[in-house]
Amino acid sequence: MPVTPGDTARRDAVLESALRTFARFGYRKTSMDDIARQAAISRPGLYFLFTSKADLFRAAADHGIDQDLRDSQEALQRADRPLAERIVDAFDFWAGRYVGPLRDVSAVLDDNPGLLGPVARGGPDRFERMLVTALRDAGHEPGAIAQTLVSVSIGVKQQAADRDEYRARMATAADLLTRA
């Protein structure tokens, strides 16, 4: 039976609900009942989509990171915007949304590396490669700039009170590091 757009949208909504639920309770304390309630789906319906909690966790992490990477790539390729702004937008998609209410998503992923799928495991390297390409295309020597921006993002993500503060501090870093 072919998958309809509605099926894909429903699956995506379940994955996003699962990610929020795992962030709230942690992997071990989250039950399939918790996720079913959050996603407004029956428990049997959830098991129809995902055979186990580990399968759902892997799919949710891959889904979230894949979306972050797509949005980041799109932001970096916007040639109509200055490089520093594109970099801030890319980092916002990659890490900024995890400041504030979804802050614990990163911790849950870090605490359960054996459960991650290929997209989640390779996501950070893929993001850094996209950043290097954007910097190189803009005429910069990308290696040290990209690594420094990633390091700054990690620190700011832990220190920022909210997403707006994260963006402002990343804007300062991107501006300083991309000046010609």
Checklist entry - Just to be sure, is residue 81 modelled with pLDDT under 85 and farther than 14 Å from residue 23 by Cα? => result no
Checklist outcome for this item: Of all helices (runs of 4 or more DSSP H) fully inside the range 1-95, the set with 3 or more residues that are of a type in the set (A, V, I, L, M, F, W, C), touching a residue at least 40 places away in the same chain (Cβ under 8 Å) and buried (at least 21 other Cβ atoms within 10 Å of the Cβ) is 5-25, 53-76, 83-94
Checklist entry - Residues of the range 132-180 being of a type in the set (D, E, K, R) and in a helix (DSSP H, G or I), which ones? => result 136, 137, 157, 163, 164, 165, 167, 169, 175
Checklist outcome for this item: Checked the range 125-147 for anything without any contact (Cβ under 8 Å) to a residue 12 or more places away in the chain and loosely packed, with under 15 Cβ neighbours inside 10 Å; matches are 125, 129, 136, 137, 141, 143, 144
Next on the checklist: Any residue at all in the range 148-160 that's modelled with pLDDT of 90 or more, under 18 Å from residue 67 (Cβ atoms) and either surrounded by 16 or more Cβ atoms within 10 Å (Cβ to Cβ) or not β-branched (Val, Ile, Thr) (or both)?
Outcome noted: yes
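The values are calculated or read from the model by the stated rules, or taken from the named source; none is laboratory data. Bear in mind the structure is a predicted one, so any value in this text is a computation, not a measurement. Cβ atoms come from the backbone with ideal geometry, glycine included; neighbour counts cover every protein chain shown.
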